[in-house]
Every structure is written in C-alpha cells, then in structure tokens.
C-alpha cells in the first residue's frame, strides 16, 4: 500500500485510483526508460520507434483521463481502450514487415487493426487536448472521402478504402508520419532532460539567481520573472510548465511590490511563453520544424538565439517602463538574496545549458545523445548539495514527470499526421498555396498578416505543435514562393503558434498565471497581449531582416542586431507611453513609426528611424529634467 501511495504522489495533478496509479506508474517508467535507451543507443527502425511512442502515449492518457465521472464504469471502458491500444499497436509491431512490404494492398486484418489504431489515437487526443484537433482531423478525413464532389480548387480525385488505410496507417504517413518521427526521436528525450533538471531543483535556483541580480531594481520582481523564465525556458519548452515553476515564486513577489494581480500573472505568462522559442531546448514544434526542413536541430537552435533575445529584451523594456510609469519599486535590499552567494551556491545549475550547447554546436553529436549525456551530468551535479541529491524516489519522479510531459506531444503529433497525410495526398496544400498568393495580391506583408492571424486563431484551440504543423504545411510554402527563406517562413509560423498561449479567448499560459495570481483569466489574457505586443513584431523583423537569423555577412548580422535592439526600445516606448517621463499620444505614434523604420533593413530606413527616435528621446529627457526641477 505504501508503494501505491508513492505512485499516486508521483502522478502529481492526476487524482487516480489505486489501480490506475499503479498501471500509470508502470507505463510511465517503461516509456521513459525506453526513450532513454534509444537516446543513447540510437532509435529502433522507424516504424517500431513510432509504434512505441503512440502505444505509450495512448495508454497513459486512457489511464490518467477517465472517460466518465462514474469511476466503476469508467475504469472498465478505459481498460478496454488500453487493451485495444495494446492489441492494435501490438499487431503493428509484430506485422511490421508485412505492412511495409504490402503497402497499398491491405488484407482484412490490416483494415481491422488499422482502424483500431487510428480510433485510439484520435480518442486519446480528444481526451488530452479537447475536441478541436480531433474534429479537424475528422473534417479532413471527410474531405478525403468526399472531396471529389466539391467544386473548384477544393475538388480532388477521391480516395478509396485502400488509399485511406495506406495514408493513415500502413505507410510512414498518417499517425506514423513525420511529426511522430520527430517526437519519438527527439522530443521525448528533451522532455526527460527538462524533467530531470526540474526535479533536481533547477527552477528554484534560476528564480533565486534572477531575484538576486534584478530584484532590487524598479519593478525588480517582474524583471526577475523575465530573467528566471528565460533561464527556465532554455530547458523547458512548455509555457504552462514555466508559469507554474517560476510563477509560484515571482507572482507573489510582484503583488507584494505593488503590481496588480492581473499584471503579475500576465508578465509571468508572457515571460514563460518565450520559453518555447528560447534555445537550446525549445518547444516541441522546433524539433518537428528541424525534421520538416531536413536540417539538424542545432541549425534551428542557432538561428533562434537572436529572435529569442529580442523577444525577452522587448519584454524587459515593457516591464521597466510599466514600473517607472506606475512608480513601482523593487525588493528591499535586506530581503533580496546576495547575488554573489547565490551564484556560488547555485550557479552550477547553468552548466547543463552550456554543456548542451557544446554537445549540439561544437561536438555535433546527435540531439538524442546530447540530451542523454546532459541528463547524466544533471544526476552527478545533483550530489553537490544534500537537498538536491537524485535519490531513487526523485529518479522515479523524473521518469514519471518526463513521460507525462511527453504524452501530449506524442499523441498530438500522431493525430496531426492524419491531417498532413490527407492534405498531401489530396493536393490541397498546393492549391491553397496558390490561393493564398492570389488573395494576398503577391504582397508579402499581406500574406504575413494572414499567416499571423491563422496561427493565432488555430493556436487558440490547438497545441503549439499541431498549430505549427498545419500552418507549415498550408501557408509557409506560399511565403517561400514569395521569396522568404524557408527557415524564416517556418520560424514565422512557429513563433505565432507559440504566442497563441497568451491570446484570448483561449490563452493557456495566461490562465495559468491568472490562477496563481488570483486574477480574472480574461483580464490577465488581455494584459498579457499588451505586455507581449513587442514580441508580436519580432517575427516581422527577421523575415524582413534575414541577418537576424544569421543569413548574411558578419557585418550585416551585427548591424541588424544593433538596429533591431534600438528599434525594439523605440517600439516599447511607443507602446507603453513612457521614456524618462510620460509620452503624449502623438509622440507615441511617431516612436512607433521610428521603430517600424528600423525594422526594415537598409540605411535608407534605419537612419531616419534612428534620427527621429534620438530627437524624441532628447526632447523627453529635457521635459523630464524640467519636471524634476519643478
């Protein structure tokens, strides 16, 4: 009974019965050990690797997400789904050679077990992330079946039963498609890395480091939230997880120093959302993007550093101006921890970040093996302090936490693969690319705005991974056709998928922050949009200025960084209405125009923007000086 109690405790948020907790514990540990094994020794053949991913994820979801409130009835139904999952994917495992040899020529057993696997994936997705993605998958399945009856560009040749089964199950498409491969080969290993780091106490260490360095400044707790979330975001690609980890400490501090609850929750939500775009460990969609573009994960990491820095720099400016405008102070010197002591006692938690960058960028070993080696390093480092030692219980907790953290990504990738397969086989992707170029009139800025709005709207109902996958297939090719580098086009779609976590009416990161702050979820969401407005401009900056994603000479890259930082500063002034003193409405508009000039590449726009912003800054400085004298 004690063991079962410990199992239930490890499940965290899931209030499970003894049977569910025991089974869930076994599946979670088996899942994590399997992916740790493949991270070091290399993945099994692709169909085996993807089969085990979906099998583990579906079983965990059926055990942790009861289908009914009635516990007795629900356990029976859920165990039936677990049995169906084991049977369907077990058939796939044992008959993999037959399935690959006779693609397009299914027998009756292939139909039966293929339908079982697809139904289990869709149902598990519905339970974990809601109805939006399964309904979308259903719509595309109907489109595949009846699209031949539609008029105009939406018409296609049609798909029979053999074509459907091949698209959704028998080939390395559908539920076993490219997203599932990225999740199985890369994502779960990095989710485990984040879980081990979290269990070792890194989240608290990052928060203490940020508080000790920035806590005493004006608006110090908010600045500490930005920095600690950026540090935690380097290692955890989940916005909501970042909010819960760092926000439990920074949000109360912000409230204590005068921030309104909704503002405190909003600042933490925006800072945590940036974690999905912060290298070296980004959101799960970044791994899918690497696979889609056919590049090493390090290439995604490399080009994301500057845009991520600009995102956090913009948020830092916004927070600073908010604090100055509302006369908010920092933490009292006596209450703030000593920076030197904190860095000496906890600075070692930064080593995993540096080592991961070394493994990926210098040693150039595989991403999976880099994650594995860094996990081993975390375990060794945990023994430097008594309270962080990786005990057997903590080790099991990390395994369980990693499996639970990865199950949403895995099952979402399987379901999203259904949509991708139908889009590609029906030819809809090419038709929509042409249609989008026609609607935008061949004007890039119009297409970018359409892409931004599509990503945000889809992101309201879909996880970031699914949102990115759909936009990358449907819209990114249109941007590429209009001359945007593929990396910039896909990063553009990825960024707005991430930012959807702070855009109401569905803003998961903002709602998590509201819960910790005791504020209205909707008010927190809209405040998060306000604080994150600068971040919404960053993707436009690197599309129009490719040097920001390292496309260009060293001089062009350095110049682009400098002008982008200055432009970001002017943009924050215009949006917040403060610089040395309050800025009148008309001057805010001029600041905004100056910022946009500096976003566009080239001296012809940079010089007027810089000159205009500098003149306005001197005017504001003199006004503030006169106000202080008065």
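The values are calculated or read from the model by the stated rules, or taken from the named source; none is laboratory data. Every value quoted in this text rests on a predicted model; they were computed, and no experiment measured them. Neighbour counts run over all protein chains shown; Cβ positions are idealised from the backbone, glycine included.
On the basis of being in a helix (DSSP H, G or I), surrounded by 13 or more Cβ atoms within 10 Å (Cβ to Cβ), out of contact with any helix residue (DSSP H, G or I) (no Cβ under 6 Å at 6 or more places or on another chain) and modelled with pLDDT of 90 or more, does residue 51 make the cut?
no
Just checking, how many residues over the range 127-150 are modelled with pLDDT under 85, under 14 Å from residue 408 (Cα atoms) and either surrounded by 19 or more Cβ atoms within 10 Å (Cβ to Cβ) or not assigned by TED's automatic domain parsing to the domain that holds residue 163 (or both)?
Total meeting the criteria: 2.
Could you figure out which of (1) touching a residue at least 24 places away in the same chain (Cβ under 8 Å); (2) under 18 Å from residue 314 (Cα atoms) isn't true of residue 508?
Result: residue 508 passes all but (2).
Within the group 35, 113, 89, which residue is within 27 Å of the chain's Cα centre (by Cα) and either modelled with pLDDT of 90 or more or buried (at least 20 other Cβ atoms within 10 Å of the Cβ) (or both)?
One residue alone meets the criteria, 35.
Inside the range 564-594, can you point out the residues that are touching a helix residue (DSSP H, G or I) at 6+ places or on another chain (Cβ under 9 Å), farther than 16 Å from residue 319 by Cβ and assigned to a loop (DSSP other than H, G, I, E, B)?
Listed by number, the residues that qualify are 580, 583.
Restricting attention to the range 18-32, which residues are at pLDDT below 90 and surrounded by 15 or more Cβ atoms within 10 Å (Cβ to Cβ)?
20, 21, 22, 23, 24, 25
Quick check on my filter: what residues within the range 430-440 are more than 24 Å from residue 131 (Cβ to Cβ) and touching a helix residue (DSSP H, G or I) at 6+ places or on another chain (Cβ under 9 Å)?
Listed by number, the residues that qualify are 430, 431, 433, 434, 435, 436, 437, 439, 440.
Have a look at 486, 539, 477 and point out the one that is farther than 20 Å from residue 275 by Cβ and touching a residue at least 60 places away in the same chain (Cβ under 8 Å). Show your work before the answer.
Values: 539 fails: farther than 20 Å from residue 275 by Cβ; 477 fails: touching a residue at least 60 places away in the same chain (Cβ under 8 Å).
None of the other options fit; the residue is 486.
Only residues that are within 28 Å of residue 64 (Cβ to Cβ) and either in contact with a helix residue (DSSP H, G or I) (Cβ under 7 Å, 6 or more places away or on another chain) or not assigned by TED's automatic domain parsing to the domain that holds residue 63 (or both): list them for the range 97-122, please.
113, 114, 116, 117, 118, 120, 121, 122
Mind listing whichever residues of the range 577-618 are farther than 29 Å from residue 557 by Cα and without any contact (Cβ under 8 Å) to a residue 12 or more places away in the chain?
In the first step, residues of the range 577-618 are kept if they are farther than 29 Å from residue 557 by Cα; the result is 577-578, 580-587.
584, 585, 586, listed by residue number.
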